[in-house]
Amino acid sequence: MLELNQISKSYSGVCALERCDLSIASGQTTVLIGPSGCGKSTILRLIIGLETPDEGSIHFGGKLLERGRLPALRQRMGYVIQDGGLFPHLSARDNAALMARHLRWPDDRIAARIDELAELTHFPIDALDRFPLQLSGGQQQRVSLMRSLMLDPEVLLLDEPLGALDPMIRRDLQADLREIFTSLGKTVLMVTHDLGEAAFFGDTVVLLRDGQIVQQGTMKQLLREPADEFVQRFIQAQRSPLETMEIAR
Ligand code: ADP
């Protein structure tokens, strides 16, 4: 579905990605994980076309991602960022409807799709006319998810979508998100720095360090056969204190 080939990207001399190869399977959830600054978000921003690679190529559904094709290909991808990125002056409904309005969908089609998405994302119908500031963090992310799903994209790109939420809301949304991914059979590429979240969502987990992929596989593989000392340390550092206590016993 998505193919990154020898991608390099620097920002004013700071290397964000270095000769990165990555293949994203269709209908699965792939999780990008790694320490802050290792290049996770850059991968998503390159795929959605907010950045262009210095070197290398990206293919989406077999088509080269190039400037001329970007607007059309972007409509086949949904993108959710950590703080939701909602427009504060638009209601939840209008935020969700943005792309459909841009494409001049008829009002009744938009209304029907929003009802469908509100049900899917467990967003209360009576809150659809509220503005983002009148919604909880979890509700804002549900609106952001509705917006990303509006055009029924093939791929969902999620950049720490739960990162700004408190633990209980985060758990609820985690469970709902996984159910949505499974029921819709979407190709999902998600960024997190949380190992537990990577294990919860990831069919495949990709661990990065300093702009390079260190290991890729199932979470079980990462846990059982860490590729090197860094992987081992990364996993160890994220084990819960309770687990660490048990290991120490
Ligand atoms: P991650 O998502 O893993 O935290 P990023 O992909 O955001 O990492 O960033 C990778 C590296 O690129 C970091 O060193 C970051 O500071 C740098 N970087 C990312 N975006 C920019 C930018 N717009 N300008 C300058 N440096 C950037």
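Derivation of every value follows stated rules applied to the coordinates shown; laboratory data play no part. What you are looking at is a predicted structure, and each value in this text was computed from that prediction instead of being measured. Using ideal geometry, Cβ is built from the backbone for each residue, glycine included, and neighbour counts are taken over all protein chains shown.
Couple of notes before you dig in:
- As a rough footprinting exposure proxy, the listed residues Leu165, Leu195, Leu158 were ranked by other beta carbons within 10 Å of their own, and the order from fewest upward is Leu165, Leu195, Leu158.
- Seen against the Cα atoms of the chain and their longest principal axis, helix 92-102 is set at about 80 degrees.
- Mean Cβ neighbour count within 10 Å, used as a protection proxy, ranking 170-179, 140-149 highest first: 140-149, 170-179
- Footprinting exposure proxy ranking of Val205, Val231, fewest other C-beta atoms within 10 angstrom first, gives Val231, Val205.
- Net length available on complete extension from Asp108 to Ser57 is 14.4 nm, with 0.36 nm assigned per residue and the Cα-Cα distance removed.
- Value of Rg to Rh for the chain, rounded to two decimals, is 0.98; Kirkwood radius and Rg both from alpha-carbon coordinates.
- Between the helical axis of 167-184 and the longest alpha-carbon principal axis of the chain there is an angle of about 80 degrees.
- Percent RCO, i.e. relative contact order, over the chain, from Cα pairs under 8 Å lying at least 6 residues apart: 27 percent
- Simple label model, 7 Å out from Cα along Cβ direction - Ser10 to Glu116, nm: 4.7 nm
- To the nearest ten degrees, helix 137-149 and the longest principal axis of the Cα atoms of the chain are 80 degrees apart.
- The chain: antiparallel DSSP beta bridges as a percent of all, rounded to 5: 55 percent
- Once C-alpha pairs closer than 8 Å and six or more residues apart are averaged by separation and normalised to the residue number of region 1-139, the relative contact order reads 20 percent.
- Only DSSP H runs of four or more residues enter the estimate; each adds -39500 (n - 2.57), and after division by the residues of the chain the mean residue ellipticity at 222 nm equals -12000 deg cm²/dmol.
- Karplus-derived 3J(HN,Hα) values for region 190-198, using 6.51 cos²θ - 1.76 cosθ + 1.60 with θ = phi - 60°, are 10, 9, 8, 10, 9, 4, x, 5, 4 Hz; glycine and proline are entered as x.
- FRET E, pair Asp129, Ala72, Förster distance 35 Å, beta-carbon r, rounded to 0.05: 0.65
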